[in-house]
1. Hey, could you check region 78-99 for residues that are more than 21 Å from the chain's Cα centre (by Cα) and of a type in the set (Ser, Thr, Tyr) and say which is surrounded by the fewest Cβ atoms within 10 Å (Cβ to Cβ)?
2. Quick one: what pairs do we get from region 83-104, first residue farther than 17 Å from Cys120 by Cβ, second away from the ligand (no atom under 15 Å from the Cβ) and polar (S, T, N, Q), C-beta under 6 Å, 6+ apart or different chains?
3. Can you go through Ala50, Ala39, Ala75 and tell me which one is open to solvent by less than 70 Å² (accessible area, probe 1.4 Å) and either within 20 Å of Thr20 (Cβ to Cβ) or hydroxyl-bearing (Ser, Thr, Tyr) (or both)?
4. Checking the structure you have, find out if any residue of region 25-37 is of a type in the set (Gly, Ala, Ser) and over 18 Å from the mean Cα position of the chain (by Cα).
5. Could we say that Ala128 is open to solvent by 70 Å² or more (accessible area, probe 1.4 Å), within 16 Å of the ligand (Cβ to nearest atom) and of a type outside the set (Ser, Thr, Tyr) here?
Amino acid sequence: MSRIRSRFWDPAGSRYGMPTYPWRMAPAHLLTCRQLTAAGLRPGGQGVQAQVLWASRRHGALGVRAAYLYDVRFALPKRTATPAQLDALAKANAARRTCPDCRRDAGYVLPRHLGTCLDCADTQQRSAA
Ligand SMILES: [Zn+2]
């Protein structure tokens, strides 16, 4: 292990307050939120169990970036929406696309600052001018 990497090697968490690993050095049972999601899992109430730290120049200056890890053994299956929940969501989204002036489904979510579909907003603007 190189000297630069060993700076972030702290499996006991004595230096960083939680188990810490360098890039690509975390044990296989510790996954990021995204990795859990890809495996059809969610953290399921457990807090952050460990972190990966690495040095990055992403925003110009040299900084340390962190990825938080969750234990796959405490993870729970991802919840799927019930048909009733999906139905309610579909209705709410349809309401956001329906123009109050022409009562048509615009096919897109109405811009909040207009409150109408773009066609109605355009017509109003022309008649005002
Ligand atoms: Zn309209």
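1. Going through the qualifying residues, I end up with Thr82.
2. Matching pairs, first to second residue: none at all.
3. One residue alone meets the criteria, Ala50.
4. So far as region 25-37 goes, yes, one or more of its residues are of a type in the set (Gly, Ala, Ser) and over 18 Å from the mean Cα position of the chain (by Cα).
5. yes
The values are calculated or read from the model by the stated rules, or taken from the named source; none is laboratory data. As the structure is a prediction and not an experimental result, all values here were calculated from the model. Quick reminder, even Gly has a Cβ in these numbers, built from the backbone with ideal geometry, and neighbours come from all protein chains shown. Ligands, DNA and RNA are stripped out before the accessible areas are found, and what is left, the full protein with its side chains, is counted by its heavy atoms. Shrake-Rupley method; radii C 1.70, N 1.55, O 1.52, S 1.80 Å.
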